[in-house]
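Below you'll find the structure, written out as structure tokens, and then a few comments.
The values are calculated or read from the model by the stated rules, or taken from the named source; none is laboratory data. Not measured: the values here are computed from a predicted model. Counting neighbours? That spans all protein chains shown, and the Cβs are built from the backbone with ideal geometry, glycine included. SASA here: full protein model, heavy atoms, side chains in, ligands and nucleic acids out. Shrake-Rupley method; radii C 1.70, N 1.55, O 1.52, S 1.80 Å.
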Amino acid sequence: MSQLPHHVAIVMDGNGRWATKRFLPRIAGHKQGVDSLSRCVKACLERGIAVLTVFAFSSENWNRPSEEVSGLMDLLVFALAREVPTLNAQGVQLHFVGDRQRLSGKVQDGLAQAELGTSNNQRLIFNVCFNYGGRWDIAQAAQKLASRGEVITEQSLDRAMALAHVPDPDLLIRTGGELRISNFLLWQAAYSELHFSDKLWPEFDEAALDEAIAVFRARERRFGQTSAQLGGQNHRHKEKVA
Ligand code: IPE
Ligand code: IPE
Ligand code: MG
């Protein structure tokens, strides 16, 4: 049996469909999505996962109707006020990953305060990707190096990326049934194991997380090598997934 994933990344998709199915406004689905995320953080803590990275708002989500975009901004401020004391008590270190320039002063202050207030916590590193895009990250890293006159190598780019404070994700989950990356962790997911769940994000519970972890543990990660080179561990993919 292989190890628990050290770093789990999640594309939290399906909030809108969850709400529409219930004849509710889409923002009700996003609210439910915040509750699902709190549950997920707690589950990751209980399982000993060290890093959790979630996709909360993409560079492309600005193209949604303006009332949904402003609803999501308000929800972020509300969620921070409600959740940061709990996150602190749980030992969670919050990071916001993404381009903050387009966010309002109020949102930017909220993010900075939440980061500062949780910066000494050590149990779980929790990255919230907000106004984030994988292409934005690669471009901003390259720009940073160019402005300093540094040579661009895989290592230097890696260090200039917005997620340089954590190792690459081991397991990347997408809920909501779509089989695509949608501009999430393009650089960092090079060798992540992918898991797609049909559950809509508000319905993604502890059992669904455990299933994703079990599937991950049954995989053989070869990183370009052959199964034999890995020391005869090629039985893993045949292991029964509970
Ligand atoms: C994901 O849920 C949350 C955000 C993109 C902010 P969606 O809002 O994309 O939900 P669906 O895909 O429309 O159901
Ligand atoms: C990806 O979901 C972004 C987030 C979950 C924040 P989307 O709903 O925006 O992705 P697409 O548009 O279906 O590819
Ligand atoms: Mg979606």
*Would you pick out the residues in the range 53-83 that are among the polar types (S, T, N, Q) and either open to solvent by 30 Å² or more (accessible area, probe 1.4 Å) or within 16 Å of ligand 3 (Cβ to nearest atom) (or both)?*
SER58, SER59, ASN61, ASN63, SER66, SER70
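Going by the structure shown, is HIS165 in contact (Cβ under 8 Å) with a residue 12 or more places away in the chain, open to solvent by 70 Å² or more (accessible area, probe 1.4 Å) and more than 21 Å from ALA79 (Cβ to Cβ)?
On the way: in contact (Cβ under 8 Å) with a residue 12 or more places away in the chain: yes; open to solvent by 70 Å² or more (accessible area, probe 1.4 Å): yes; more than 21 Å from ALA79 (Cβ to Cβ): yes.
Yes.
Residues are listed down the side, and each one gets a yes or a no for (1) under 26 Å from ALA189 (Cα atoms); (2) within 16 Å of ligand 2 (Cβ to nearest atom); (3) without any contact (Cβ under 8 Å) to a residue 24 or more places away in the chain:
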| site | (1), (2), (3) |
| --- | --- |
| PRO65 | no, yes, yes |
| LEU75 | no, yes, no |
| GLN101 | yes, no, yes |
| ASP137 | yes, yes, no |
*asked:* Where the second residue is open to solvent by 30 Å² or more (accessible area, probe 1.4 Å) and assigned to a loop (DSSP other than H, G, I, E, B) and the first is away from ligand 1 (no atom under 16 Å from the Cβ) and among the small types (Gly, Ala, Ser) and lies in the range 169-190, which pairs have Cβ atoms under 9 Å and are six or more apart or on separate chains?
replied: ALA189/ASP168; ALA189/ILE181; ALA190/ASP168
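Residues in the range 31-52: is at least one of a type outside the set (A, V, I, L, M), within 12 Å of ligand 3 (Cβ to nearest atom), open to solvent by less than 50 Å² (accessible area, probe 1.4 Å) and out of contact with any Pro (no Cβ under 7 Å at 6 or more places or on another chain)?
no
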